[in-house]
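Just so it is clear, none of the values below were taken in a lab; they were calculated from the coordinates. It should be emphasised that the depicted structure is a prediction, and the values quoted were computed from it without experimental measurement. Virtual Cβ from ideal backbone geometry, glycine too; neighbours counted across all protein chains shown.
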Amino acid sequence: MKPILLVLLFGALGPLAAAVDISVGGTMLSIPAPSGFSLVTADMQPYADFVRHTVPPSNEQFALFLSAVDVGLAAKGAMPEPVRRFDIQTAKSLIQPFVSNADFVELKRTITTQNEEILKKNEARVHDALQEMNKGIAADYHVDSGIAMTQMSPLPAHYETDRAIAYSMVLKYKVNDKNGTPVDFEGVVTATFVHLRGKVLFLYTNAEKAGLEWTRMESRRWVDAIIAANPSIGDVATREARAPKSGVDWGDVATSAIIGGIIGAVAMAIKYLINRVRG
């Protein structure tokens, strides 16, 4: 099985690392850990292998942070059911291109004017991504989740700067329990696009339905810390300002971000099912 990128890069750092370094197309970025959360590493089996199912094929994952309690469980070989988590991904199509300031303005325009339309047009892709996740989990854990989305509601962007834009999604879905009976779940995710040294990352902050404001507040703190740790200065800043548009399809990027947020949000329910079956 192919391990996720974060465990390849950071397996030796352990769960108490205050920050991790990631490489996005050769550009090194420093990612401070969210307060009270720690990195999932390769030795946290079997949870580290499970995580790879929560990333859509269109995306690359760079780091996943869980609470100290959940990381402690994962380190002991247990399978935690984290409701709150922080995740870093990007679209594979964005790993190599250099993203200029003009590009990021175009991405923000796409998010603010087309996000809901993009989701409606790509419901089939969301369905296919969920089914692909279900197949992988069924093969590894002999569990048929029967997962089905019943609501996917992107809210208007609530935070925007020259370097970031964020919006939240409210999600409702059903997962079959071990007896085949559908169980309802609800959750929220705040997705933030951040422009760092010519690269764009997707930052996801997940919580239970009542945690919407928490995701917005904590994701903003995290984004501010990440931007401060990765200033665009000197030649990089000059290139960001002067480089032409890259030709990236920002509608497709927005779709990849939406799918990544949805799949990450349903991971908790899948873990619930796996643990119920094992129990």
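Please determine, by comparing only the residues of region 247-272 that are out of contact with any Pro (no Cβ under 9 Å at 6 or more places or on another chain) and aliphatic (A, V, I, L, M), which one is surrounded by the most Cβ atoms within 10 Å (Cβ to Cβ).
In this case the residue turns out to be 257.
Condition check: among the hydrophobic types (A, V, I, L, M, F, W, C), free of Cβ contacts under 8 Å to residues at least 40 places away in the same chain, under 23 Å from residue 214 (Cα atoms) and in contact with a Pro (Cβ under 7 Å, 6 or more places away or on another chain). Does residue 66 satisfy that?
yes
Tally the residues that are under 14 Å from residue 255 (Cβ atoms), surrounded by fewer than 15 Cβ atoms within 10 Å (Cβ to Cβ) and small (Gly, Ala, Ser), restricting the search to region 126-141.
Matching residues across region 126-141 total 0.
What number of residues in region 147-168 are within 26 Å of residue 224 (Cα to Cα), in contact (Cβ under 8 Å) with a residue 24 or more places away in the chain and small (Gly, Ala, Ser)?
Residues meeting the conditions: 4.
With respect to residue 240, determine if the residue is in contact with a Pro (Cβ under 7 Å, 6 or more places away or on another chain), among the charged types (D, E, K, R) and surrounded by 17 or more Cβ atoms within 10 Å (Cβ to Cβ).
no
Of a type in the set (D, E, K, R) and in contact with a helix residue (DSSP H, G or I) (Cβ under 6 Å, 6 or more places away or on another chain): does that describe residue 220?
The answer is no for residue 220.
Going residue by residue through region 68-78, is there one that turns out to be within 12 Å of the chain's Cα centre (by Cα) and crowded, with 18+ Cβ neighbours inside 10 Å?
no
For region 221-237, give me the residue count where each residue is surrounded by fewer than 22 Cβ atoms within 10 Å (Cβ to Cβ), of a type in the set (A, V, I, L, M) and in a helix (DSSP H, G or I).
Summing the residues that are surrounded by fewer than 22 Cβ atoms within 10 Å (Cβ to Cβ), of a type in the set (A, V, I, L, M) and in a helix (DSSP H, G or I) in region 221-237 gives 6.
Does region 89-96 contain any residue that is among the basic types (Lys, Arg) and touching a residue at least 12 places away in the same chain (Cβ under 8 Å)?
The answer is yes; a qualifying residue exists.
Filter region 80-107 down to residues that are assigned to a loop (DSSP other than H, G, I, E, B) and polar (S, T, N, Q) and give me whichever is surrounded by the fewest Cβ atoms within 10 Å (Cβ to Cβ).
In this case the residue turns out to be 96.
Yes/no matrix, rows are residues, columns are (1) touching a residue at least 60 places away in the same chain (Cβ under 8 Å); (2) in a helix (DSSP H, G or I):
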site	(1), (2)
77	no, no
115	yes, yes
118	yes, yes
127	no, yes
132	yes, yes
137	yes, yes
140	yes, yes
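Of these, 258, 233, which one is of a type in the set (A, V, I, L, M) and in contact (Cβ under 8 Å) with a residue 24 or more places away in the chain?
One residue alone meets the criteria, 258.
If you scan region 163-217, which residues turn out to be among the polar types (S, T, N, Q), within 30 Å of residue 248 (Cα to Cα) and in a loop (DSSP other than H, G, I, E, B)?
Across region 163-217, there are no qualifying residues.
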